[in-house]
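Working notes, beginning with the structure itself.
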Amino acid sequence: MKPFIYDYTLEELQDWAVSQGEPAFRGSQIFDWLYVKRVSSFDEMTNLSKSLRQKLDEQFAFVTLREITKLESKDGTVKFLFGLHDDHAIETVIMKHNYGNSICVTTQVGCKVGCTFCASTLGGLKRNLTSGEIVAQVVQAQKILDAKDERVSSIVIMGTGEPFENYDATMKFLRIMIHEKGLNIGQRHITVSTSGIVPNIYRFADENTQINLAISIHAPNDALRSKLMPVNRRFPFDDVMEALRYYIAKTGRRITFEYALIGGVNDQPEHAEELAGVIKDMLCHVNLIPVNYVPERKYVRTSRNDIFNFQRVLADNGINVTIRREQGHDIAAACGQLRAKHMESGAR
């Protein structure tokens, strides 16, 4: 199988051009066609010679994202289920905010983290995506927005899978996204979310980027987190916290704790008090997420009253806290739900 053209950075495309006996700027032209003009074939790269376009076609492939399902919410959220070249399926979501359009991308086909309240992990991990397959989701979304004369203003790496279990591809994707000669997404408008893969939290801290880091915490202690998130048995709560403190000290950047509220499990005032005690000395923000109902799971949503009580306890302890605005609730926009339905039909 030919490599995907989206797997290549600007510098790698320049090197490739030189290897073909062309000047390096031909690589820059290819990059421009991919991310500024956003073509879908090499034949459209009309300022390249026919022979060079033929070499591109012989040596590279465009990522094929075949639209299987498209769901549109009343709030403007659009969720796609895309088929890949090997018949696996992934989800991508476009979310409309008052500040612009945010794209939620997937980094793996399935997930092995095993969070007990999440649909993404149903069926386990099938494979990692290449950096180009992650890139293609944003390019596809931008092409859709082009028709409205709008642009992708921010990216959240919070779709199916664990980005830090596919670290190298995720970092290459980020480098392509932020390049000033491409889509030029501002680093501070990108957030990558991890469940707590400790070695790669340290690596990310040392990357010297301005990209935001979010951590799926979901519990205030080791025992409860291990019940909700089996990954905590590999990377215990205290080790995750130590890595996050290193990240804050190294970067000076605030982290976001994502906390899914599950009815009667982790949503009581004593849980909020304990969480506040753990993170009160950290440069952080807590984003409370009322858990989405997943038919295959037995958890229930936290009551509205308990959500606000949890928020109040954190705020009273001096913690910066918000409740996530729900989007796409009417179209199963939570991670993995659409793919799970697709898999029920015997698909991959």
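The values are calculated or read from the model by the stated rules, or taken from the named source; none is laboratory data. The shown structure was predicted, so the numbers you read here are calculated from the model rather than taken from an experiment. Glycine gets a Cβ as well: all are built from the backbone with ideal geometry, and neighbour counts include every protein chain shown. Accessible surface areas use protein heavy atoms only, side chains included; no ligands, DNA or RNA. Shrake-Rupley method; radii C 1.70, N 1.55, O 1.52, S 1.80 Å.
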| query | Which residue pairs have Cβ atoms under 8 Å apart, sit 6 or more places apart or on different chains, and have a first residue in the range 262-284 that is under 22 Å from LEU244 (Cβ atoms) and a second that is small (Gly, Ala, Ser) and surrounded by fewer than 16 Cβ atoms within 10 Å (Cβ to Cβ)? | reply | ALA276/GLY318; LYS280/GLY318; LEU283/GLY252
| Looking at this structure, is GLU91 within 20 Å of PHE62 (Cα to Cα), under 12 Å from the mean Cα position of the chain (by Cα) and not in a loop (DSSP other than H, G, I, E, B)? | yes
| Which residues, taken from the range 254-273, are more than 14 Å from ARG312 (Cβ to Cβ) and either part of a strand (DSSP E or B) or among the hydrophobic types (A, V, I, L, M, F, W, C) (or both)? | ILE255, THR256, PHE257, GLU258, TYR259, ALA260, ILE262, VAL265
| Selection count, the range 105-116, where residues are open to solvent by less than 30 Å² (accessible area, probe 1.4 Å) and among the hydroxyl-bearing types (Ser, Thr, Tyr) | 2
| message | Looking at (1) in a helix (DSSP H, G or I); (2) modelled with pLDDT under 95, which one does VAL294 not meet, given that it meets all the others? | response | (1)
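Let's see how each residue does on (1) in the same structural domain as VAL39 (by the TED database); (2) of a type in the set (Val, Ile, Thr); (3) over 24 Å from TYR299 (Cβ atoms); (4) surrounded by 22 or more Cβ atoms within 10 Å (Cβ to Cβ):
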{"residue": "THR92", "(1), (2), (3), (4)": "no, yes, yes, yes"}
{"residue": "CYS118", "(1), (2), (3), (4)": "no, no, no, yes"}
{"residue": "LEU129", "(1), (2), (3), (4)": "no, no, yes, yes"}
{"residue": "HIS179", "(1), (2), (3), (4)": "no, no, yes, no"}
{"residue": "VAL198", "(1), (2), (3), (4)": "no, yes, yes, no"}
| query | For the range 181-196, how many residues are farther than 14 Å from SER153 by Cα, open to solvent by 40 Å² or more (accessible area, probe 1.4 Å) and under 14 Å from the mean Cα position of the chain (by Cα)? | reply | 0
| request: Go through LYS74, LYS70 for me and flag whichever is outside any helix (DSSP H, G or I), in contact with an Asp or Glu (Cβ under 8 Å, 6 or more places away or on another chain), of a type in the set (D, E, K, R) and surrounded by fewer than 16 Cβ atoms within 10 Å (Cβ to Cβ). | output: LYS74
